[in-house]
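The values are calculated or read from the model by the stated rules, or taken from the named source; none is laboratory data. Please read these numbers as outputs of a predicted model, since none were measured by experiment. Here the Cβ positions follow ideal geometry from the backbone for every residue, glycine too, while neighbour counts run over all protein chains shown.
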Amino acid sequence: MRAFLILAPLILTPLVLAACGLQPLYSAGAKGPVAEMLSGVRVAQIEGQAGWLVRNALRDRLVASQGGEGPGNRYRLDIKLEDTITGFGVRADDSVTRERRALRARYQLVDTGSGEIVLDATAGSDAGVDVVGSEYATIAAEQSAQERLAQAVADQIVARLAVYARRSAGAATKP
C-alpha cells in the first residue's frame, strides 16, 4: 500500500497533463509554426547602446530558434526602449548609495505585407546597482546591469512572440 502511495503521483501526473491539453510551445521543431514564424521576423534598428544590445540578443535568439539564418521578411519588429537609472539610498551627505536601472521596451510586430500591427506589447526588467567609492566600478556595474537587462528583455519578447505564433497557428487550424 505504501508503494502505491509513492508511485501513484508519478503515474498519474503525465495522464493529468495530457488531459489538460498542455502542448509544447516548440512542437514539431524547426518545421513547426512557432519556429517558422520566428524565422520570418526582422528586427528593426533600435536607438542607443541598450538598443544595440537588445537587437543583438533578439537576433541571436531568433536565429537559434530556427537553426540557422532565415529570410526574416514576413514580419518586422519595431522596438522603443526606455532606459532609466534612479538613485535611492541616500547618505547624510546627499550622496546616492544604490541605484535602480530599469529597461522597458514597447514593441510592435508588424506584418510587412499588409502593414498591420499584429502584436503590440511591452517587456521590462530592473536591476539594482551599488554605488561605491570608485566611479569606474560604479560605471562598470551600470553597464553590466544594462547587458543583463537587455538579455532579460530579449527573452521576454521572444517568449511573447512564440506564444503569439502558437496561438495564431492554433486559430488558423480551427474551423
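For the stretch 139-158, what are the residues that are of a type in the set (S, T, N, Q), farther than 13 Å from L58 by Cα and crowded, with 16+ Cβ neighbours inside 10 Å? Even if it seems obvious, please write down each step before you answer.
Here is the first cut: in the stretch 139-158, the residues of a type in the set (S, T, N, Q) are 143-144, 146, 151, 156.
Filter once more, keeping what is farther than 13 Å from L58 by Cα: 143-144, 146.
Scanning the stretch 139-158 gives a single hit, Q146.
Under 7 Å by Cβ, and 6 or more places apart or on different chains, what pairs join a residue from the stretch 26-47 that is on the phi > 0 side of the Ramachandran plot with one that is part of a helix (DSSP H, G or I) and modelled with pLDDT under 90?
Listed pairs, sorted by first residue: G29/A35.
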